[in-house]
Structures are given as structure tokens and as C-alpha cells.
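Visitor: What follows is a structure written as C-alpha cells; I'll ask about it next.
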Amino acid sequence: MNDQATVFVVDDDLGMRESISYVLSKAEINSKEYASGKELLADLDEHSPGCMVVDFQMPDESGLKLMEQVRSRFGQVPFVLVTGHGTVPLTVEAMKLGAVTVLEKPFLPDEFLNSVREMMVIESQRRHAMQQKQAILDRMNSLTAREQEIAELVVAGSLTKQIAKQLGISTKTVEVHRSHITKKLGVESVAQLVNLVLGARMQTNGQM
């Protein structure tokens with residue numbers, strides 16, 4: 001299972017960290033352990049794929065405060081929150097931040113592993129979606145400024161003659177640019193071009 005995401009375990013209780021790590025290692029799930037949120041945040045970067053098991057009650061800050069910081073830096077990373085005293089309001093708040101579940105201590109190993117596997121599936125899907133989004137942006141960024149301009153006009157519904165007139169170039173030049181655009185973007189129709197350009201626009205908040 002080495003191709004799966006790492007599970008980051010954050011708990012100030014050494015015994016709990018070791019117990020969780022043991023259960024994960026027996027299930028052949030990679031994990032890294034941290035005694036505090038500060039240790040975790042200092043070790044993470046944007047390329048750190050993973051999901052998290054976080055204790056709610058820690059000396060420096062709560063597990064939910066930590067996940068708020070993680071979310072602000074890396075997006076909605078799935079996590080399992082463990083606590084000694086679970087409540088409905090706590091569960092609701094945790095779910096809003098991306099928790100798969102809230103487990104009350106002590107919990108059974110099988111129950112814990114089921115939750116971990118669920119969040120690993122979610123994390124895999126999240127990473128795949130991020131890679132697809134980045135691939136769209138990379139393809140759009142491969143276009144020259146003129147090609148991007150023409151692509152936008154095509155998406156807006158302009159015909160070749162209209163584009164040529166608006167840009168002050170020949171229809172032949174527009175056709176050459178359109179050919180380059182379709183090859184670079186790997187599209188075969190205007191509909192596919194529209195979907196790709198709109199997708200890129202969504203990822204850049206309306207900016208090409």
C-alpha cells in the first residue's frame with residue numbers, strides 16, 4: 001500500500017500516538033506522528049499528500065483549530081477527530097471542516113481502520129481532482145497570448161471571419177491559430193474547447 005497517502009497522526013499523548021501507529025503499521029498504512037499541531041504544520045508543504053488523525057484536546061490548541069489552519073493552507077484535507085468526550089455540536093463542527101468521523105476514546109481497532117480507509121479514499125479522489133485541474137491549467141498556459149485570445153473568442157461564439165475582423169488579421173491566420181490551439185489542448189471540437197477553457201477559468205477565478 002505504498003502508493004497510498006500518508007496518515008499524519010497528531011496527539012500529545014505518546015502512548016496514544018504509538019498505539020495508533022501500531023494499528024496503522026499492522027494494516028500496512030504509512031503514517032507519521034507529531035506531538036503537536038506546530039510540529040505538523042512545520043513539516044507539511046503543498047506536495048504532502050495525506051490525511052490526518054487528530055486529537056481534539058491538546059495543550060497548545062484544539063484539533064479543530066489545527067484543522068482550520070491546515071484547511072487555510074492546503075484546502076479541505078480529510079481527517080478523523082478523536083476525543084475523550086464526543087458531543088453532537090463537536091461532531092457537526094468537525095464535519096464542516098472535513099472530518100470523516102469523530103471517534104470517542106477508547107475505540108476499537110477495526111472501527112478506527114474503517115474510518116481511516118474511508119478518508120484515504122476521499123484523499124485519493126481529492127488529489128486526483130487537483131491533478132486534473134492542474135493539467136487543465138498547464139494546457140491553457142501552453143498557449144501563446146494570441147492563441148488564448150482567439151480561444152476566448154471561439155468560446156464566446158465568434159466565427160473565424162468575425163475573429164479575423166476583430167483582431168485585424170486574415171482568416172487564414174485565425175485558422176492556423178485555431179489549429180495550433182486544438183493540437184496543444186488535445187481537443188477535437190468547439191464543444192470540447194469550450195469545456196476546457198471554462199474549466200481553466202473556474203480554476204483561476206475568472207482569469208485566464
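Visitor: Across region 25-39, which residue is surrounded by the fewest Cβ atoms within 10 Å (Cβ to Cβ) among those that are assigned to a helix (DSSP H, G or I) and small (Gly, Ala, Ser)? Working first, answer last.
Guide: Keep residues of region 25-39 that are assigned to a helix (DSSP H, G or I), which gives 25-26, 37-39.
Still in the list and also small (Gly, Ala, Ser): 25, 37.
Working: SER25: 11, GLY37: 22.
Result: SER25.
Visitor: While we're looking at this one, here's another question. Within region 64-89, how many residues turn out to be in a helix (DSSP H, G or I) and under 24 Å from GLY15 (Cα atoms)? Spell out the reasoning first.
Guide: Pass one, region 64-89, residues in a helix (DSSP H, G or I): 64-74, 88-89.
Retained after the next criterion (residues that are under 24 Å from GLY15 (Cα atoms)): 64-67.
Here the count works out to 4.
Visitor: Would you say ARG17 is of a type in the set (Lys, Arg), surrounded by 15 or more Cβ atoms within 10 Å (Cβ to Cβ), outside any strand (DSSP E or B) and out of contact with any Gly (no Cβ under 7 Å at 6 or more places or on another chain)? Show your work before the answer.
Guide: Working: of a type in the set (Lys, Arg): yes; surrounded by 15 or more Cβ atoms within 10 Å (Cβ to Cβ): yes; outside any strand (DSSP E or B): yes; out of contact with any Gly (no Cβ under 7 Å at 6 or more places or on another chain): yes.
In short, yes.
Visitor: OK, next. With (1) modelled with pLDDT under 80; (2) farther than 19 Å from GLN132 by Cα as the list, and VAL176 as the residue in question, which single condition is left unmet?
Guide: (1)
Visitor: Tell me which residues, restricted to region 103-135, are of a type in the set (Val, Ile, Thr) and free of Cβ contacts under 8 Å to residues at least 24 places away in the same chain. Give the steps one after another, and end with the answer.
Guide: So the first thing to find is which residues in region 103-135 are of a type in the set (Val, Ile, Thr), and the list is 116, 121-122.
Once the filter is applied, which keeps residues that are of a type in the set (Val, Ile, Thr) and free of Cβ contacts under 8 Å to residues at least 24 places away in the same chain, region 103-135 yields only VAL121.
Visitor: In addition: Scanning region 44-67 for residues that are surrounded by 13 or more Cβ atoms within 10 Å (Cβ to Cβ) and acidic (Asp, Glu), which turns out farthest from LEU103 (Cα to Cα)?
Guide: Applying the filter and picking the extreme gives GLU61.
Visitor: Another one. Would you kindly identify the helices (runs of 4 or more DSSP H) lying entirely within region 96-208 that contain at least 2 residues that are in contact with a strand residue (DSSP E or B) (Cβ under 6 Å, 6 or more places away or on another chain) and not hydroxyl-bearing (Ser, Thr, Tyr)? Talk me through it step by step, then tell me what you get.
Guide: Values: elements: 109-141, 145-155, 160-167, 171-185, 190-203.
Ranges flagged: 109-141.
Visitor: I would also like to ask the following. For residues that are of a type in the set (Asp, Glu) and under 17 Å from the mean Cα position of the chain (by Cα), scanning just region 76-132, find the one that is surrounded by the most Cβ atoms within 10 Å (Cβ to Cβ).
Guide: Taking region 76-132 and keeping what is of a type in the set (Asp, Glu), we get 93, 104, 110-111, 118, 123.
Cutting the leftovers down to under 17 Å from the mean Cα position of the chain (by Cα) gives us 118, 123.
Values: GLU118: 15, GLU123: 22.
Result: GLU123.
The values are calculated or read from the model by the stated rules, or taken from the named source; none is laboratory data. Because the structure is predicted, anything quoted here is derived from the model rather than measured. Because the Cβ atoms are built from the backbone with ideal geometry, glycine has one as well, and the counts that use them run over all protein chains shown.
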